[in-house]
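The values are calculated or read from the model by the stated rules, or taken from the named source; none is laboratory data. Everything quoted here is computed from the prediction, not taken from an experiment. Neighbour counts are summed over all protein chains in view; Cβ atoms, including those assigned to glycine, are modelled from backbone coordinates with ideal geometry.
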Amino acid sequence: MKTEENFMTYPENSIDNNKRYCYVVEGATDESKLKALGCYFVVKTGGKFIRPDIIAFLKEVHKVREVVIITDPDGPGKDIERRIINAIGPCLYAHANKKEAIYHEKVGIAQMSMESLKELLRPFIHHDLFCDELLSLEVEDFIDLGLVGSGSKEKRMKLVEKYHIPYTSGKNVENALMMLAKGKKDIQEDLEND
């Protein structure tokens, strides 16, 4: 059930609402659960010691799409949420009911049932299903730009540095560029400019 206690938004943010959300979670299990529910863009913080490159990347993402923070309903989770909001500005967030997030004496999004998590995220998932956003890159674009295969790491690293992408593998960089709504032409220009 959605209540003021477990769900809150900041509607004054003027980011384009025709884009999917970027979800921020703490760990890999949280990320897997959200992706299983259909959340396309998910960034994990790795816990309360968020690396500066992840904060810098979230700042870039927040320029083009709404960020939804879904952290554990405990002290460290609240600290992570506060740190992200202080760094990137107003965000959307979903607060889990702590009673639904406890399993075997552990508290967290990873401990929630899929049904409870789906209910918590229902308005966000609904938005993502019905927004008009077309993905900015096709697999062929990434290949055409030389961002995979032999000699591709140098090109990817140029984009990693420019956009503060915290990942370097081809698939992760491709996903990060789509989070940033970068198209083939944008990337081509970035690769050509020194």
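Within the range 160-175, identify whether any single residue is under 20 Å from Glu31 (Cβ atoms) and touching a Ser or Thr at 6+ places or on another chain (Cβ under 7 Å), and answer yes or no.
The answer is yes; a qualifying residue exists.
Please work out which one of (1) in contact with a strand residue (DSSP E or B) (Cβ under 8 Å, 6 or more places away or on another chain); (2) farther than 23 Å from Lys118 by Cβ is the condition Tyr93 fails and give its number.
(2)
Being over 21 Å from Arg122 (Cβ atoms), surrounded by fewer than 17 Cβ atoms within 10 Å (Cβ to Cβ) and in the same structural domain as Pro123 (by TED's automatic domain parsing), is that true of even one residue in the range 28-44?
yes
Output the residue which, of all residues in the range 93-108 that are more than 18 Å from Ile50 (Cβ to Cβ) and in contact (Cβ under 8 Å) with a residue 60 or more places away in the chain, is surrounded by the most Cβ atoms within 10 Å (Cβ to Cβ).
Going through the qualifying residues, I end up with Ala96.
Filter the range 144-194 for residues that are part of a helix (DSSP H, G or I) and small (Gly, Ala, Ser); which is farthest from Ile55 (Cα to Cα)?
Within the range 144-194, the match that is farthest from Ile55 (Cα to Cα) is Ser152.
Among the strands (runs of 3 or more DSSP E) confined wholly to the range 11-72, which include 3 or more residues that are within 17 Å of Tyr163 (Cα to Cα) and touching a residue at least 12 places away in the same chain (Cβ under 8 Å)?
So the answer is 41-44.
Identify the residue in the range 56-83 that is closer than 22 Å to Leu135 by Cβ and among the β-branched types (Val, Ile, Thr) and, among all such residues, is surrounded by the fewest Cβ atoms within 10 Å (Cβ to Cβ).
So, considering only residues that are closer than 22 Å to Leu135 by Cβ and among the β-branched types (Val, Ile, Thr), the one surrounded by the fewest Cβ atoms within 10 Å (Cβ to Cβ) is Val64.
Tell me, yes or no, whether the range 150-171 has at least one residue that is closer than 28 Å to Asn18 by Cβ, basic (Lys, Arg) and at pLDDT below 90.
Yes, the range 150-171 has at least one match.
Tally time: how many residues in the range 134-143 are surrounded by fewer than 16 Cβ atoms within 10 Å (Cβ to Cβ) and either in contact with a Phe, Trp or Tyr (Cβ under 9 Å, 6 or more places away or on another chain) or part of a helix (DSSP H, G or I) (or both)?
4
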